[in-house]
Every structure is written in C-alpha cells, then in structure tokens.
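Visitor: My questions all concern the structure below.
Every number in this text was worked out from the coordinates using simple rules, so none of it is lab data. Model, not experiment: these values are computed from the prediction. So basically every Cβ, Gly included, is an ideal-geometry build from the backbone, and we count neighbours across all protein chains shown.
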C-alpha cells in the first residue's frame, strides 16, 4: 500500500502514524530489555514499577505505542478498504500482509505473556491449547511458540526477534520506508508521553480471582466461552485471514464482499469486547455495574495510576524490601517496621496488600491507599482479604452458613411470634429482611449481633462490639498497640500506631464473644456468673457483687459456671465448625451445635480419632496450639464426629488442655444418678444448670416518634419498636420436653416470650388486635454446677414443672393424697394462666407454646409421673435407700411400697 | 537464451524453495528434543490433608482415605484450575465446573479432567505420578 505522494509536513496518514508508533515500540522495547528479567518476569516488572519510575514510564510507552500501533494499523487497513484504492496487491505481498495482521496480534500477545502475572499465565495456557489444536503441526507450533512450560525464553525470543523482524520486513516491504516522518515521530512521541505518564500499563496483582486476556483478546475470550469445541475458533481465525487476503488481493467483487464481511465482523467483535471488558467478572460470570463485587471483580484491570517521578521512598529502600508472594509490593517499603503479627500473617510473607487491598505497585501514599480496606475481614470483603485462594477460602465460604451470620432462628421465631409465619423452624437470613412489623421489630431491637455487621472503628473487640466478620473473634491488641492507637485517636499527628499492628490470631477469648452473647440468653454473662438486673447505672451499690456492662447495664453476682471457675473459655468447648459453620444451614443454635456434655463426660469407651485422621484445618490449628500432634488420639463429638483437638486420650484416661491457658484437666465421668435408667431422658443441663435468667411480662409497641435505629443499615431513624420489660429473675430453670421422632428429652427452658404486641401501632390496620404470646424457649444457661439439682428442686418445684412460682403442696386427706398449687402471680387476662406459668397445674397446653415446634411443656400424664415421685419425696429423703433404689426401677419400688405410703389421687380428666 | 533464462529462474526458485524446506526440516529437528523434554515426566507431590491440593499441572483430591490425581488443566482451553467452591472445581477463565470425580458439571468444558494413575510412597506422605507415553 503506497503512501500518498502529496503527504508532506503534518499532513499524514494512519499508515505513517503506525510506522512512527512501530519505531517507538522498537526503541522502548530495547530500553525495556535492560530492567526486564526473562527468568523472573513478574518479579522484574513489579520491581521496575516500584524501584524506577523511569523504567515504569518506558514500560508504559512500550505498552501504549504497541496498543496504538495495533489500533492505527487496523484503521489504516480500514481506511484503504474504504477508499477502495490500492487493492489488487500482488498475491505475494497480499499474502504477507494478511499474515502480518496475525503476526501483529502474535507479537502483542507474546508481549502480554511476558508480564508473567496471573492473566498471562492463563493466557499462555489458552494460547498453547489453541495452537496445539491445529491439525498435524499443532504441538510442533505450540512448542515453537511458547517453549517449555514455566519458561519464558522462547516467548521472549519470538517477541523481540521472530515477530518483530517479520513485522519490520513486512512494513518496509509494503510502505517502502524505513523511517517515519519527523512530524509523525514528534507528534506520536508527545501523545505517547502524555498517555504513558497518565496511565500505567496493567499488571495483575495475582490475588484478584478474575483473569482476563488483553483488551483485544477479551472478545475472542467471550467467543471461546460459548464454544464447547474451541478448536472451531481456529477456523474463524483462518477465515478472517483469508478475508483479509481477498480484501487486499482479490478481484473487485470478492474484495468488496470480503471488506463488508470484515466490517460486520469488526462491529460484532467490538460489542463482544465491551461485554468481555465490562460485563464479565470472576469465572467469566455475567456482572452488571452496581452489582455486589462488580468494582472488585471487573475494575481492577483498570487500576492504572499515573507515573510518580518523585516516589515516597528511595530506590535503595525499594530494593531492600522483601519479595512478597512472587512480587515486589510497595506497601512494605514504607511500612517496613511493623510489629505485632503472628508468623502466618507477617507482612514479610503476605505483605499488606493481601489483607488491606489498595494498589501494591503504587509509589506514593495517595495511589497506594486508593480503594484500600482500612479494616479488612468484614464479611462484605472477607473473600477478598482473609479468604483469597492462598489463605482461608473455605472458611470465608462456610462462615456464611453459620447461624452467627444468618440469625435464622432469631428471625424465624420473631416472625412467628408476630404471626407472619406459622413455623419458627424455617430457614431465614438477615440479608433478606423486609419491612413487615416483625422485620422492623428485628431491625430496631434484635439483629445488631450478626457477624456480617461490619467493624468500622479501629480498636479492640470489647463489650460494645457487634459483628466484625473475621475480626469479631480473631483480632487482638497487645498493650503497646492499644496505647499507640489511643494516642493517635487523641492526637492525630501521632503515627507510631502504624508500627504496632494488632495481631490476627487464634486467641479467641471470652471477651470476643461477650459483646453479643451478653444479650438475650446472656450466655456470656451467665457463664461468668453475672445476672442482669433492671437497676439503673447510677443506683449501682458500691459492692463487689455488682458489675456495670456497656456503661448502663447493671449485673448482679450469681454462681459462675464450673467450667469458668476452672479457667476454661468458650472455645475450650465450642470448636470451629460449630462457630464458623460447616457449610450447612441450620435453623437454631441447638441444631448447629455439635459439642455435647457427653463428649467429655462419658462412661464406657471414649470415642476417639487419631492425628492422622484430622482434616487439614484441625491439624494445622492443633499443631499451632500444641506443637507436635503425631501419635495423639483425640476425643470426637458424638453428633458430627468432629475431633476435639484440645483433648487427648492416654492410657484409657481422657484429658482436656485449655486452648489459651494450657491448663490440663482429667475429664470426669458422670455420676451414677445421671446414668440411672430413671433419668435416661434427662439432659445434663436440666439438672446441672444452677440458674437461668428469665424475664416475664414484656410489652412491645411501635412509636412513630421514638428516636430509633436500623440495625441492618446502621442508621438512626425516627420511629421504632419499643420494648417495655417486666422483672428479671435468676432461678433454676423450668423444664420441658424436646421431642425428636420417638426420642424425648427433658431440657431446661426459660420464658422466652411472655409478651403482648400492639401490632396495630405499626400497621394502623384496625383488624390487627393486640397479640399475646406465652412461649418458653429451650435454653443453654451455661451456669453449670458440678452438683446437680436436688430431687425436690425438680419433682416438688412448681417452677421446674412449668406452673410458675407459687406454693405446691402435697396435702393428705386421710388415706388420700392430693397435690395442690396456689400461684404467686395473678392469672393473665389473655389466657387465664399465672403470669410466669408455661402450662397450667395438671393441665395440658397445646398450640403455639414454645419458640420451637418440637419443644412442649409437660403434659398432664408427664406432670403426674413427676409429681408421683415428688409425693414420695415428701416423706423419703433424697439419699434414702428407697429413693436411690427407685432410680433404677421405680415401678418395682412402687409395687413393694409400704402400706403407709399414700399415693396421690388425680382429678378426673375430661374426655 | 530465453529458454536458458527461464530455466535458470526456475532452477533458482526451486533451489530457494528447497532451501526454505530444508530450513523447515531443521526447525523440525530442532524441536525434537524440546517436544520430548516437554513430554510428561515422573513427578513427586506431597500428600496433604487438604480436600484439594492445587499444583501447576495437577490436582490432588483427598476425601478421607481416597486419593485421586487429576490434571489441573481445564479440558476446555487448558487454563489452570485453582479454586474449589462448594465441592466444585472452578476454572478461572470461563467458569467451567468439575465435581471432585473430575466430571464436568458446568460448561463450556464437557470432557472430564484427565486422571493420572499414581503410587503412594511407603510412608503414605507422597504421591508419585510416573511418566507416561504421551
């Protein structure tokens, strides 16, 4: 294609500009060969970007001159086709020019491969695979093009010699020029300098899971994505080259047809390129702007900052910085003396970028910190920080199934109580709350405590903390880190806190759990022996027996859990698959919980597993906590067969070592009374829970003028549900029945919801009446006492039986005994039962009775059975021979009873 | 003379083509050793407790005591599979998915991952994938 003879001065053609651009490709390529190391391409490019802004600038020039060369060459072709002159080239030149188009793409693709980053490594596989697919000579061509797997030398040679020489020859042959015109040379230089200064050539950070080819390839990648047999794509490439050939050298009609087809293809390809660039994310999934994760998944390709010729650090400092995961990372050049990490999270190993994001190749603070995560580990970004492929991807996936993330039970129960669903056991999720009365109630009063609630303020996890993703449990400040942070927060200029990083580690203390678990069932406070009172903070007695939580809540001392007294923490019982989920969704905490008392306190043979059988997560954690684990035998949970890595079995004795303190305990067997047949259906916690908090008589009303809070959006709002609470009590819990199939178990329960809800106040619907609920909830009080409850505290106790407080008496009338109960509380107007009762004395209760479908109060028959033993206990002491005997066979004891024994007479039941 | 000229040109063209083909032959010969070197070699990999261990060319899947070795290259275009999510191996390039038996469960790939026979080392801690003729 000859150049126009009249072109002089600044009047130029696209071909001329292409020639000038090609000259810059060659010049900058030669210069770039100086810092580029073909043996370590990714290291050398990331290094030059950080250590030498001029080298970075030249790389950008090389990149931009090549991209523009491709664009201008194609426009040059189009220009000639459009003007319909210069066609009818000699077949030889026409053939070489057509081949030249392919060679331009090959030269650019090999340049792309020479980055050696995640994009390039996958592109290399695709290119190798496609080339190998060429019939007969495929493998031969592929090996000639790419060389040995993992080696870049042959690609480099092809890039700088094979394709470059071929292109040079073709260009000179068809343009009959060696040198670009001075005007073009200067003009392109100016444009390239501006582009190269403003926009850096891309380099993948090797952490983001989205991989894409170069921009001119993504349209092709989109086509490949649709092809089950990608080899067919080769025919398309061949067809395109033939069309280019006929457009160049074909007869008029053939040339016209070829040009039109090429034009249509180009329009089509531009559309596919736009799709590939802006609508395809990780795994080539369809994504649209605004979608969650769109920016992270798609826009990282466009993270091209301008060149900073005055970096915030010297080249010498950059040279000294360590290599991190196969690349230089500029973060650690500035943040080079940061202390406080565990070995696994040492920035010399994982850098800062792995957790905090930002731009790892930037050379000034503003660029480096752009889009960074000051507080990583929140569940919205956990998969991009803690959960990247090389770190903890499994955990950040399964954490989303944890009940602490979904709050399924809390939501389902609340909706059921409000009458919005008829089953409290449906699976629900915090992310799908709507605007119903129940959902608004949840948002105002309940759902602040979920792991997805983001941590937004620097500082340690404390009793006011809610949520925080991974950090909710794994963040720990040492004294220095905390004091430096506090100094920074009080005086902005102090930057020493940047040197003392909090640790992310396995020391999950009770304090981490406390913020959320000191509410509702109040497991954390119960465990430590504190019971919440309605007392005001300014009325707190000056005594050791009281404690202030969150500055407003007053707690009174009650007996602590025996395990707490021994120095055990929450994580000594609860293992990671219970807490962080095991990949399955569960409705309620008792469903998700795996560990049971009998896993440690058992009779007979222990259920064990060896160190060899531990999964990688359990084995790694066990080794980190206890060192060498080989040859050890661990106890396993009975429910899901998970290893309890802080236990071991030696010489038929089972032991537990606390995870943080390292205290060792021999695990005790349950007492004889526990395993006696009479109590085979009684759960351990029914007897061993010393007390449980209970609250009765609560009223809920929506106040449109109340200053409220939306706990999902974390925003203040006008209008809120308000809770007017009754009195708090700390007493041995009531008991009830949990029925699973034919299995019945007696469990502790607490008055979960004895309340009224003024539904109309929210809905303004006159048909909505005042809702009254009397629901008890299964409880895990965490107030374990070594000694179980006395016999009488169950068999002769109206609270335990579910009647509520009052006087339960066994009254003898001659030879007849009658149980009599007089309640302490008045009967509620809504259902006629005493305020604190779960069920009526010697009455059945059906319908919605608890916060689960499988938990019920004792039936009349069951009450009679318990009270029958209670009648015996009115005369016989608990430890008497006859009562001890009755534990093994009550019927037999009853059969041989003394004539003096007076059994109760039951009122006639209505049929 | 014309005939001579024609013969000479024809001869030179033929000779030049011959030289070109000879160079291609040399090219072919040069590639011999490289192709052999690139052929599959015997490889030793550590056997970890991970459900899936990712290596550049291999995936080792361990489900309790059952171990399988697959090629890590997606059967669609050879991309290196580096992620397992919800029990599915996912190709980063075009989103093909494979189950833990190597079967393609989501396209564009449709062929199963190539399975490699292997041996366990005596102490059960290593996997030896022997060279195969390819």
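Visitor: Starting from the Cα gyration tensor of the range A:562-652, take the square roots of the eigenvalues, sort them a ≥ b ≥ c, and report rounded, prolate or oblate (rounded when a/c is under 1.5, otherwise prolate if a/b is larger than b/c, else oblate).
Guide: Verdict is rounded for the range A:562-652.
Visitor: Please compute the Kirkwood hydrodynamic radius of the range A:758-880 from all pairs of different C-alpha atoms, in Å with one decimal.
Guide: Computed over the range A:758-880, the radius equals 16.7 Å.
Visitor: Please figure out what share of the DSSP beta bridges in the protein assembly as shown is antiparallel and state it in percent, rounded to the nearest 5.
Guide: So the antiparallel bridges in the protein assembly as shown amount to around 90 percent.
Visitor: Still on this structure: Helix A:860-873 versus the longest principal axis of chain A: what angle, 0 to 90°, nearest 10, using Cα atoms?
Guide: That helix lies at roughly 50 degrees to the long axis.
Visitor: Also: Take the range A:296-411, drop everything but the C-alpha atoms, weight them equally and run the Debye formula without solvent; then report log10 I(q)/I(0) at 0.10, 0.16, 0.22, 0.23 Å⁻¹ to two decimals.
Guide: Evaluating at q = 0.10, 0.16, 0.22, 0.23 Å⁻¹ gives log10 I(q)/I(0) of -0.37, -0.82, -1.32, -1.39.
Visitor: Treat the count of other C-beta atoms within 10 Å as a stand-in for reagent exposure and order A:372, B:30 from fewest to most.
Guide: B:30, A:372
Visitor: Which one, B:67, B:24, B:84, has the greatest fluctuation when you compute a Gaussian network model over chain B with C-alpha springs under 10 angstrom?
Guide: Evaluated over chain B, the most mobile residue of the options is B:24.
Visitor: In addition: Rg and Dmax in Å for the range A:678-895, alpha carbons only: what are they?
Guide: 20.3, 69
Visitor: Given R₀ = 41 Å, what would the calculated FRET efficiency be for residue A:75 paired with residue A:431, taking r from the Cβ atoms and rounding to 0.05?
Guide: The pair residue A:75/residue A:431 has a calculated efficiency of 0.25.
Visitor: Hey, fewest Cβ within 10 Å first, where do A:313, A:152 land in order?
Guide: Ascending number of Cβ neighbours within 10 Å: A:313, A:152.
Visitor: On to the next question. Using only C-alpha positions, report the orientation-averaged shadow area of the convex hull of the range A:14-300, nm², one decimal.
Guide: 15.6 nm²
Visitor: Relative contact order (percent) for chain A, with alpha-carbon contacts under 8 angstrom and 6 or more residues of separation?
Guide: 8 percent
Visitor: Continuing with the same structure: Taking other Cβ within 10 Å of each residue's Cβ, how do A:222, A:589, A:173, A:900 sort, fewest first?
Guide: Taking fewest neighbouring Cβ atoms as first place, the list is A:900, A:173, A:589, A:222.
Visitor: Starting from the Kirkwood Rh over alpha-carbon pairs, what translational D in µm² s⁻¹ does the range B:43-129 have by Stokes-Einstein at 20 °C and 1.002 mPa s?
Guide: Answer, rounded: 167 µm²/s.
Visitor: Sum -39500 (n - 2.57) across every DSSP H segment of at least 4 residues in the protein assembly as shown, then divide by the residue count to get the 222 nm mean residue ellipticity, nearest 500.
Guide: -11000 deg cm²/dmol
Visitor: Still on this structure, please answer the following. Classify the range A:367-418 as rounded, prolate or oblate from the Cα gyration tensor: take a ≥ b ≥ c as the square roots of its eigenvalues, call it rounded if a/c is under 1.5, otherwise prolate when a/b beats b/c and oblate if not.
Guide: Because a/c hits 1.5 or more and a/b fails to exceed b/c, the range A:367-418 counts as oblate.
Visitor: Moving to a separate point now. Considering the Cα positions of the range A:34-189, please state its Rg to one decimal place and its Dmax as a whole number of Å.
Guide: 17.5, 52
Visitor: For peptide B:74-87, what's the mean number of Cβ atoms from other chains within 10 Å of each residue's Cβ?
Guide: Averaged over the peptide's residues, the number is 6.
Visitor: At 7 Å along Cα-to-Cβ for each site, give me the label-to-label distance between residue A:195 and residue A:641 in nm.
Guide: 6.2 nm
Visitor: Taking chain A as the reference, fit the longest principal axis to its C-alpha atoms, fit the long axis of helix A:118-132 to the helix C-alpha atoms, and give the angle between the two in degrees, 0 to 90, nearest 10.
Guide: On a 0 to 90 degree scale, this one is about 60.
Visitor: Extension gain residue A:896-residue A:626, at 0.36 nm per residue separation less the Cα-Cα distance, in nm?
Guide: Taking 0.36 nm per residue and subtracting the Cα distance, the gain is 91.5 nm.
Visitor: Two decimals is fine: what's Rg over Rh for the range A:707-792, C-alpha atoms, Kirkwood radius as Rh?
Guide: With Rg and the Kirkwood Rh in hand, the quotient comes to 1.11.
Visitor: What average count of beta carbons from other chains do you get within 10 Å of the Cβ of residues in B:49-55?
Guide: 3
Visitor: If you don't mind, another one. Take residue A:844 and residue A:906, extend 7 Å from each Cα along the Cα→Cβ direction, and tell me the distance between the two endpoints in nm.
Guide: About 1.1 nm separates the two model spin labels.
Visitor: Moving to a separate point now. For the range A:512-565, just say rounded, prolate or oblate: build the C-alpha gyration tensor, square-root its eigenvalues into a ≥ b ≥ c, call rounded for a/c under 1.5, and beyond that prolate if a/b exceeds b/c, oblate if not.
Guide: Oblate shape, in that a/c is at least 1.5 and b/c is the bigger or equal ratio.
Visitor: Could you tell me how many cubic angstrom of Cα convex hull volume the range A:604-668 has per residue?
Guide: Looking at the range A:604-668, the number lands at 91 Å³ per residue.
Visitor: Quick one: the Cα spread of the range A:371-452 along its three principal axes, in angstroms, biggest first?
Guide: Cα extents, longest axis first: 46, 24, 16 Å.
Visitor: Given q = 0.05 Å⁻¹, what are the Debye log10 I(q)/I(0) values for the protein assembly as shown, with equal point scatterers placed on the Cα positions and solvent ignored?
Guide: -0.47
Visitor: Once the Cα atoms of helix A:53-83 and of chain A are each reduced to a long axis, what angle between those two axes, in degrees from 0 to 90 to the nearest 10, is obtained?
Guide: Helix A:53-83 sits at roughly 60 degrees to that axis.
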